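The block underneath contains the structure these notes are about, expressed in structure tokens.
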Amino acid sequence: MSFDAVEAVRVTGAGPAVGSLRVPGDKSISHRALLLASLARGTSAVTGLSLGQDVMHTRRAVERFGVVVREDGGGGLLVEGGLRHEPDGVLDHGNAGTGIRLTAGVCAGFDGLSVLTGDEFLRRRPMGRIAEPLRAMGAQIDGREHGQLAPLVIRGGNLRGIAYAPPQASAQVKSAVLLAGLSAQGPTTVTELHPTRRHTEEMLARFGARVHVDGSLVRVEPGELTATDIAVPGDPSQAAFWAVAALLTDGGSVVVEDLYTGFGRSDFVGVLRRMGAGIDFDDVTGTMTVRSSRLRAVNLTAADIPGIVDEVPALAAAAAVAEGTTVISGAGELRAKESDRIAHTCGMLRAFGVRVTETEDGMVIEGGARLRPGTVDSHGDHRIAMTAAVLAACAAEGGSLITGWDSVATSYPGFAEDLVRLTGARVEAASEE
Ligand code: S3P
């Protein structure tokens, strides 16, 4: 059976993770492939797209603009570009922060009215960070809490380029501003606090935009995009769960193939190496190879965070079994993710018997724990749920209960099946106890 729609699972481990696999298409690239193909003139073929619900919401959003998206018969999509009319209904982005924020940039550049919203978790996440620069470009944006929270109402068009330096290191904010900049008068620049993932810059160039990166500054000129074909590589953030799974237990050995190899997405590999992990990442083929290793604690600070922003729960799980005390700081942005990821990563580790102290912008994890099975509420956060499942399968002997499991399908449908195949764990649908 598929566990994708199941609200709670019981995972009974604990053995090593062994095997090789491919993970879903990169979520960040998938959102951008749909959005850029929708803005472009002509038809783009997109293969390897993430099939998670987050990306499906972006597909439905562009279809509301009259963009035609068709199956190509071989598992890929054909996107006939061109926003043809105002969205003919509310754009519901589900749980997807990237989906709503990047689409908001597109809506700001479009001469028409758009209404964007999402699920109960997304409606609690900060939207002022994109609304403010987009307003400075000339878009009219309103929303709950004086325009800070979704639903957002955007009347776009007639923008002017700005020079913007976001106060937070955020690829989503950078991308929203750059996408709006495509239809502004004059160039738009974004200067980053710390370098973040560069998918938007890389993909804008592929779609023929005039975009330049100079150190921490990105500049985009207004202009039309031209359709291009995109083969979406595997998502390194999903591979991180399997890297940690391999490391948790003696005898672990995992190979993940066909991962994205570009800037800012596989920094977790370097962090695990600093922890003593036997891990290789081939920059040419995108193959990651991991063998179980004795881990030691690591110190992670603000400059490390943008490169591992989605991998902190998984890395925290590795820190729990490492020798010594791991200190993570400068990670305040994690409180604005799918859940408050500082609080809920700490809560998850505690459920397995790990000693962890939550700080304002991070956590202190005492390693070397002997894990016991636990009960974990994912708080609607797919990455908390998947990390808990890996700990339950590989490191905590006995049965663990994970609630809010249905969040996993936002990014990784079929995760439970991969877990069973690699670890031999038993996964069962459970009722909340
Ligand atoms: C993403 C950027 C990151 C990351 C998110 C995907 C993107 O968010 O956490 O999962 O695709 O641009 P921030 O840029 O807000 O840190």
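The values are calculated or read from the model by the stated rules, or taken from the named source; none is laboratory data. All values reported here derive from a predicted model rather than from experimental measurement. Cβ atoms come from the backbone with ideal geometry, glycine included; neighbour counts cover every protein chain shown.
Which one of these is in contact with a helix residue (DSSP H, G or I) (Cβ under 6 Å, 6 or more places away or on another chain) and aliphatic (A, V, I, L, M): 409, 392?
Just one listed residue meets the conditions, 409.
Which of (1) among the aliphatic types (A, V, I, L, M); (2) buried (at least 19 other Cβ atoms within 10 Å of the Cβ); (3) within 16 Å of the ligand (Cβ to nearest atom) does residue 348 not meet, given it meets every other one?
(3)
In the list 368, 398, 374, which residue meets the criterion of being in contact (Cβ under 8 Å) with a residue 60 or more places away in the chain and either over 21 Å from residue 254 (Cα atoms) or more than 16 Å from the ligand (Cβ to nearest atom) (or both)?
On inspection, the qualifying residue turns out to be 398.
Just a yes or no: is a residue in the range 154-163 in the same structural domain as residue 222 (by TED's automatic domain parsing), within 16 Å of the ligand (Cβ to nearest atom) and without any contact (Cβ under 8 Å) to a residue 60 or more places away in the chain?
no
Given the options 223, 186, 252, 208, name the one that is at pLDDT 95 or above, in the same structural domain as residue 302 (by TED's automatic domain parsing) and among the small types (Gly, Ala, Ser).
252
I need a count of the residues in the range 164-204 that are hydrophobic (A, V, I, L, M, F, W, C) and either away from the ligand (no atom under 12 Å from the Cβ) or within 16 Å of residue 221 (Cβ to Cβ) (or both).
Residues in the range 164-204 being hydrophobic (A, V, I, L, M, F, W, C) and either away from the ligand (no atom under 12 Å from the Cβ) or within 16 Å of residue 221 (Cβ to Cβ) (or both): 10 in total.
Wholly within the range 1-60, which strands (runs of 3 or more DSSP E) include no fewer than the required count, namely at least 1 residues that are in contact (Cβ under 8 Å) with a residue 60 or more places away in the chain, within 30 Å of residue 253 (Cβ to Cβ) and not polar (S, T, N, Q)?
8-12, 18-21
Kindly establish whether residue 99 is assigned to a loop (DSSP other than H, G, I, E, B) and touching a residue at least 12 places away in the same chain (Cβ under 8 Å).
no
Go through the range 92-122 and count every residue that is more than 27 Å from residue 221 (Cβ to Cβ) and away from the ligand (no atom under 16 Å from the Cβ).
Total meeting the criteria: 4.
Going through the range 35-77 one residue at a time, which ones are among the charged types (D, E, K, R) and touching a helix residue (DSSP H, G or I) at 6+ places or on another chain (Cβ under 7 Å)?
54, 59
Being out of contact with any Phe, Trp or Tyr (no Cβ under 9 Å at 6 or more places or on another chain) and modelled with pLDDT of 95 or more is the filter here; which residues of the range 386-397 pass it?
Answer for the range 386-397, where residues must be out of contact with any Phe, Trp or Tyr (no Cβ under 9 Å at 6 or more places or on another chain) and modelled with pLDDT of 95 or more: 393, 394.
Based on this model, can you work out whether residue 73 counts as at positive phi and surrounded by 20 or more Cβ atoms within 10 Å (Cβ to Cβ)?
Here the answer is no, as residue 73 does not meet what is asked.
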